[in-house]
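Trainee: Handing you a structure now.
The values are calculated or read from the model by the stated rules, or taken from the named source; none is laboratory data. Given the structure is predicted, the values throughout are model-derived calculations rather than measurements. Note that we place each Cβ from the backbone using ideal geometry, even for glycine, and neighbour counts take in every protein chain shown.
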Amino acid sequence: MNKVVIVGCGNVGMSYAFSLVTTKNKVDEIVLIDVLKDKAVGEAMDLTHAATYNSNRIKVRAGEYSDCGDANIVCICAGKNQNVGETRRDLINKNYAVYKSIIDEIKKTSFDGIFLIATNPLDVMTYITKKLSGFDYHKVIGSGTVLDTARLRCLIGDTLKISPKNIHAYVIGEHGDSEFVPWSNAIIGLNKATDYLSEDDCSRILYDVRNSAYDIINKKGNTSYGIGMCLTNITNAILGDTNEIMTVSAYNEENDVYFGMPAIIGKSGIKQILPLELSSIERDRLNKSIDCIKDTIKQIKM
């Protein structure tokens with residue numbers, strides 16, 4: 001039986017849960033944990049009704065941290081929201097205390113599965129989870145730039161009138177303002193993306209990728225559906241052992257930091273991190289992005 005525990009019943013957590021109960025996957029049971037216990041109960045009831053239309057018939061219930069003991073995945077979506085005018089990095093000290101209390105409770109159980117992290121600032125919170133849990137790096141995964149990469153492929157597809165499924169391009173680095181596209185590795189069909197895209201196209205697309213979340217937050221107050229689907233895709237890769245390549249937030253031992261990079265995802269979590277051949281300019285951009293994440297980690301008041 002495959003069991004997923006979701007900690008945090010806010011917009012992201014419930015978009016993830018709704019995605020799980022309405023799509024084909026290998027999840028048998030979802031357990032919801034929230035400081036507002038009645039909310040978790042109500043969400044579980046509502047999702048149970050939605051699940052009746054899925055052939056999987058996933059069981060959904062509210063639970064406690066003790067339910068993490070035999071879970072395959074614990075996805076932490078809890079944390080403070082990113083308000084209008086705030087950057088993802090502004091959230092760090094708000095969310096460190098939240099995560100410490102959550103992980104302290106999980107450590108009391110026999111949980112030995114995969115941590116999946118969705119709270120901003122994403123790379124830093126994933127790093128914090130590794131440090132607080134003591135888990136090996138391959139079992140602590142952040143959603144990284146999976147959503148940013150989806151936005152990138154969508155924007156390229158819209159520009160060129162090509163299906164995003166035939167576009168192989170990545171956003172790497174921080175899930176934040178310093179993320180970037182290594183255009184030297186972007187492929188459309190069998191050709192370089194830059195054979196089709198002008199420098200202005202590339203600049204505009206990167207700008208739109210970086211600012212999509214801010215634009216959505218300004219208009220509706222939060223982002224949730226896109227990341228919910230991304231978390232489901234990561235979950236499917238883990239439970240299905242599909243060896244899918246995704247730009248998750250993964251640990252880089254050389255720099256002692258997490259950031260978005262292509263990695264092979266399967267049953268054991270991160271099976272392999274794939275090196276990218278970067279130009280000297282792209283390498284400088286990656287180093288600057290890594291430095292941004294390190295600077296944020298230094299701001300944590302432990």
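For (1) at pLDDT below 95; (2) farther than 21 Å from Ile156 by Cβ; (3) of a type in the set (A, V, I, L, M); (4) not in a loop (DSSP other than H, G, I, E, B), each residue gets a yes or a no:
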site: Ser178; (1), (2), (3), (4): no, no, no, no
site: Ile205; (1), (2), (3), (4): no, no, yes, yes
site: Arg210; (1), (2), (3), (4): yes, no, no, yes
site: Gly228; (1), (2), (3), (4): no, yes, no, yes
site: Asn236; (1), (2), (3), (4): no, yes, no, yes
site: Asp284; (1), (2), (3), (4): no, yes, no, yes
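Trainee: Within the range 218-229, does at least one residue satisfy the condition of being among the charged types (D, E, K, R), more than 21 Å from the chain's Cα centre (by Cα) and surrounded by 14 or more Cβ atoms within 10 Å (Cβ to Cβ)? Step through it out loud before you land on a result.
Mentor: At the first step, the residues of the range 218-229 found to be among the charged types (D, E, K, R) are 219-220.
Checking the rest, the ones that are also more than 21 Å from the chain's Cα centre (by Cα) come to 219.
From what is left, the residues that are surrounded by 14 or more Cβ atoms within 10 Å (Cβ to Cβ) are none.
No, that holds for no residue.
Trainee: Looking at (1) free of Cβ contacts under 8 Å to residues at least 24 places away in the same chain; (2) under 18 Å from Gly228 (Cα atoms); (3) outside any helix (DSSP H, G or I), which is the one condition that is false for Arg57?
Mentor: (2)
Trainee: Then there is this: Checking Lys80 against (1) charged (D, E, K, R); (2) free of Cβ contacts under 8 Å to residues at least 24 places away in the same chain; (3) loosely packed, with under 15 Cβ neighbours inside 10 Å; (4) not in a helix (DSSP H, G or I), which test does it fail?
Mentor: Only one criterion is unmet by Lys80, namely (3).
Trainee: Would you point out which residue out of Lys161, Lys220, Lys165, Lys192 is on the phi > 0 side of the Ramachandran plot and free of Cβ contacts under 8 Å to residues at least 24 places away in the same chain? Steps first, please.
Mentor: Numbers: Lys220 fails: on the phi > 0 side of the Ramachandran plot; Lys165 fails: on the phi > 0 side of the Ramachandran plot; Lys192 fails: on the phi > 0 side of the Ramachandran plot.
Sole residue among the options that is on the phi > 0 side of the Ramachandran plot and free of Cβ contacts under 8 Å to residues at least 24 places away in the same chain: Lys161.
Yes/no matrix, rows are residues, columns are (1) in contact with a helix residue (DSSP H, G or I) (Cβ under 7 Å, 6 or more places away or on another chain); (2) within 30 Å of Ile92 (Cβ to Cβ):
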position: Ala150; (1), (2): yes, yes
position: Ile167; (1), (2): yes, no
position: Pro182; (1), (2): yes, yes
position: Glu199; (1), (2): no, no
position: Ile205; (1), (2): yes, yes
position: Asn211; (1), (2): no, yes
position: Asn222; (1), (2): yes, yes
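Trainee: Would you mind stating whether Asp201 is touching a residue at least 40 places away in the same chain (Cβ under 8 Å) and surrounded by fewer than 23 Cβ atoms within 10 Å (Cβ to Cβ)? First the steps, then the outcome.
Mentor: Numbers: touching a residue at least 40 places away in the same chain (Cβ under 8 Å): yes; surrounded by fewer than 23 Cβ atoms within 10 Å (Cβ to Cβ): yes.
So Asp201 fits the description; yes.
Trainee: Kindly indicate whether any position in the range 254-274 is of a type outside the set (Val, Ile, Thr) and assigned to a helix (DSSP H, G or I). Can you show your working first?
Mentor: Here is the first cut: in the range 254-274, the ones of a type outside the set (Val, Ile, Thr) are 254-256, 258-263, 266-269, 271-272, 274.
Now drop any that are not assigned to a helix (DSSP H, G or I), which leaves none.
Checking the range 254-274: not a single residue is of a type outside the set (Val, Ile, Thr) and assigned to a helix (DSSP H, G or I).
Trainee: Hey, any hits in the range 238-247 for a residue that's in a helix (DSSP H, G or I), buried (at least 17 other Cβ atoms within 10 Å of the Cβ) and in contact (Cβ under 8 Å) with a residue 24 or more places away in the chain? Break it down stepwise before answering.
Mentor: At the first step, the residues of the range 238-247 found to be in a helix (DSSP H, G or I) are 238-239.
Now drop any that are not buried (at least 17 other Cβ atoms within 10 Å of the Cβ), which leaves 238-239.
From what is left, the residues that are in contact (Cβ under 8 Å) with a residue 24 or more places away in the chain are 238-239.
Yes, there is a match, as at least one residue in the range 238-247 is in a helix (DSSP H, G or I), buried (at least 17 other Cβ atoms within 10 Å of the Cβ) and in contact (Cβ under 8 Å) with a residue 24 or more places away in the chain.
Trainee: Condition check: under 24 Å from Ile217 (Cα atoms), surrounded by 19 or more Cβ atoms within 10 Å (Cβ to Cβ), at pLDDT 95 or above and of a type in the set (Phe, Trp, Tyr). Does Tyr65 satisfy that?
Mentor: Values: under 24 Å from Ile217 (Cα atoms): no; surrounded by 19 or more Cβ atoms within 10 Å (Cβ to Cβ): yes; at pLDDT 95 or above: yes; of a type in the set (Phe, Trp, Tyr): yes.
No, not satisfied.
Trainee: Any residue in the range 110-131 that is at pLDDT below 95, among the basic types (Lys, Arg) and outside any loop (DSSP other than H, G, I, E, B)?
Mentor: Checking the range 110-131: not a single residue is at pLDDT below 95, among the basic types (Lys, Arg) and outside any loop (DSSP other than H, G, I, E, B).
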